[in-house]
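The values are calculated or read from the model by the stated rules, or taken from the named source; none is laboratory data. Given the structure is predicted, the values throughout are model-derived calculations rather than measurements. FYI the Cβ positions are ideal-geometry reconstructions off the backbone, even for glycines, and counts take in every protein chain you see.
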Amino acid sequence: KSSRVTNAMSNNNNNTEETEEDLEFCESVTEGLRLNIVLMTSPFDMIMTQALGIPSPKYKDFDKYWTKTNHFAQKQVQKIKKKRDNGQFLSPLEEDCYANKAFQRQEQDDNDITVKEASDAISGLVSGGVDTTSNFSSFPILHVIMNPQVQDRIYLEIMKNID
């Protein structure tokens, strides 16, 4: 599973082998999510970090993993942006990736999206889709976002079934 996630992020569509980077990314995401749950359910950690503003040891570990996850996403977004800026060929997977679609929308709508914003969105989507049940829903939602031409049809279908 980890190589599929990072291949989709890094557009390494010919690689089916897990790399060390794949494994580090998945460890960062899963450990970060695990620690996030611990932080949300620990009165000690909540008081230390939220009330007193003192990072607890668990929070420091969480921050380390989340920083790694964001660094990975930023690196992948930078790679797509650099290829686009240099007019280099994008593979079909790169063409369809979230970062490329966000940059295309920016050009069409004069909508400024920064590399950090694209990276943050990707980190959130991928983090929610690694080793969690939200994997089932995050990718269909991502594809709806990437294909605005179907959004009206989906809205009408939902409204038809709600009424």
Specify the residue that is modelled with the lowest pLDDT; the eligible residues are those in the range 57-114 that are among the aromatic types (Phe, Trp, Tyr) and farther than 28 Å from Arg34 by Cα. Phe103
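I'd like to verify a number: residues in the range 30-52 that are free of Cβ contacts under 8 Å to residues at least 60 places away in the same chain and closer than 26 Å to Ser119 by Cα, how many?
Residues flagged as free of Cβ contacts under 8 Å to residues at least 60 places away in the same chain and closer than 26 Å to Ser119 by Cα within the range 30-52 amount to 10.
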Mind telling me which of the residues Ile47, Ile37 ends up being in a helix (DSSP H, G or I), within 21 Å of the chain's Cα centre (by Cα), surrounded by fewer than 17 Cβ atoms within 10 Å (Cβ to Cβ) and among the hydrophobic types (A, V, I, L, M, F, W, C)? Ile37
If a residue must be modelled with pLDDT of 65 or more, touching a Ser or Thr at 6+ places or on another chain (Cβ under 8 Å) and of a type outside the set (S, T, N, Q), how many such residues does the range 1-54 contain? 13
Identify, by number, the condition in (1) of a type outside the set (S, T, N, Q); (2) under 16 Å from the mean Cα position of the chain (by Cα); (3) surrounded by fewer than 19 Cβ atoms within 10 Å (Cβ to Cβ) that Arg105 doesn't meet. (2)
Reported set for the range 89-103 where residues are over 21 Å from Phe72 (Cβ atoms) and without any contact (Cβ under 8 Å) to a residue 60 or more places away in the chain is Phe89
Is it the case that Lys60 is free of Cβ contacts under 8 Å to residues at least 24 places away in the same chain and surrounded by 16 or more Cβ atoms within 10 Å (Cβ to Cβ)? no
Within the range 16-34, residues being loosely packed, with under 13 Cβ neighbours inside 10 Å and of a type outside the set (Ser, Thr, Tyr) number 2
